[in-house]
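The numbers here are math on the coordinates, done by the rules we state, and not lab data. Just so we're clear, the structure is a prediction, and the values are computed from it rather than from any experiment. When we count neighbours, we look across all protein chains shown, and the Cβ atoms used for this are built from the backbone with ideal geometry, even at glycine.
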Amino acid sequence: MIQKLLFLTICLTLLLISFTATAEAQDEIICQRDVIVQVDDWLSKLSEKFYGDIFAYPAIAEATNAKATEDESYALIEDVDLIEPGWKLCIVDVATAENIVGFELEAAPVLDDTPLNLAGIIKVGAAHALSGPLAEQGQSIRNGIDLAVAEINESNFLGGGQLQIIWEDTAGDTQQAVQAFNKLINEDQVVAILGPTLSKSAFVANPLAQAAGVPVIGSSNVVNGITDVGDYIFRTSLPETIIISNTIGALKERLNLEQVVLMYDQNNTFTRSSHEAFAQAITMTGLQTVATLTFKSGDLGFSNQLMEIKEIEPDAVLLSALPEEAAAIMMQADLVDLPESVHFIGGNSFNSPTFLSLGGGSVDGAISGTAWSVNQSTGSNRQFVADYEATYGQQPDQLAAQAYAAVKVLATALRTADSTDRAVLRDTLDSIQFVETPLGLLSFDDQRNPNHPSAIQVAEAGTFVIFQ
């Protein structure tokens, strides 16, 4: 008798588990597609577009709110009469929409915007430093590009078209960048070019693409003036001036900064530009510069500068240096017993695995502005980080994220234009808005620079965490 009761109890438990799982599965919201709200959108307009009925908007609102409870990248719609550009909405299939609204959608169109005119191989050039002193950075960029291309091709995002990347190694050399651009433009007849790695190379190579009418998307060029070359030049790398301005403005209040020392590498184009951005931010925020110290790329000793900083004891050192010198400076700061109250603040050069690995524990506490952080919690960034780790066995860095974003933006423009015509592609890139990337929702401003949020992070135990 006891055995029978036990058997019946087990069966009843399994039945209840099965029923609960079935009910949960039925309640699960599955988005047939995601939509990013544009400037002139409203819910009834979108419901007519996707369901053929202006009164079906509750299907979009309820589905989006349901997804928002599990993924913060979706908008939370509190007022159906108010949606904002850049919001991410969930569009469910017609059957689910009918269940939500409670009536039949007789005029619902087929939800398919697959490009009709893209077919075969679509050649895209990539001119980056794959060898030489910048090979590590170039590999990160290549990883990001290759990952995005694989995802786009496997999903048939471009309909019958498949992206093919034609790689050219610039080795970080300006003349090799020029040769690479000439080959990609004239011999390979690419529809667009990704690169080059260095800003100084971009200033020389980009005019070739501008003259030929070939769109360029730089993903690692942060010096001012990159896009001033012409209207075919775009970038997904936030200019250093924007990142540093945002960073210093926020840290002045949060760290109670008053007096700062400027320290920079006077022999490098990037670090000089970074220094100028720091100087501009100081002027805008009203901070006081108590000393300006310089050094040169390749210097090994920084004791003179550090002893002067120790004597002044400022609130912060605003350091413009390449990762190698930045790490060495902070390691030597430990040797001269620089007070922990002196903060080291940098820009993009701090956001490098090289900086962390060379500096070890000495760089803990280093603060930097960044266009991207591995710890940003948007759904698209979490997916990017997970896919990158699964593919390459390591975390991505900012260069990989920006390169990945460049491909996503280019592919979105190709899909929207449904054409590989270079001029049409340029015009589409210029008007594109709110592309979902690991960097956030990305648009281009009127100077073709990226428009997306920046962040502040701090080095801690061999990694970066969001600055709290």
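Annotation: amide H of A192 within the under-5 Å range of G125, sequence separation 5 or more or interchain, hydrogens built in the peptide plane.
The dipole here belongs to the chain: it is taken about the Cα centre, uses +1 on the Cβ of Lys and Arg and -1 on the Cβ of Asp and Glu, and is about 900 debye. Each of T292, T370 was scored by other Cβ atoms within 10 Å of its Cβ. Listed from fewest to most, they are T292, T370. Based on every Cα atom in segment 88-199, Rg and the maximum pairwise Cα distance Dmax equal 20.7, 65 Å.
If neighbour count is taken as other Cβ atoms inside 10 Å, put V229, V260 in order from fewest to most.
V229, V260
With all projection directions averaged, the alpha carbon convex hull of the chain covers 29.1 nm². Each listed q (0.16, 0.18 Å⁻¹) maps to a log10 I(q)/I(0) for segment 31-112 from the Debye sum over equal C-alpha point scatterers, namely -0.51, -0.65.
Beyond 30 Å in Cα-Cα separation lie the following of the pairs K252/K310; K252/K296; K45/K123; K200/K408: K45/K123. The magnitude of the dipole of segment 241-370, with charges of +1 and -1 set on the Cβ of Lys/Arg and Asp/Glu and taken from the Cα centre, is near 380 debye.
Note on segment 324-458: dipole from Cβ charges, positive end direction compared against L338, T412, F384; the farthest Cα belongs to T412. Can you find, among Q288, S320, S245, the residue farthest towards the positive end of the dipole of segment 185-330? Put +1 on the C-beta of Lys and Arg, -1 on that of Asp and Glu. The one lying farthest along the dipole's positive direction is S245. Taking Cα centre as origin and charging only the Cβ of basic (Lys, Arg, +1) and acidic (Asp, Glu, -1) residues, the dipole magnitude of segment 221-291 rounds to 140 debye.
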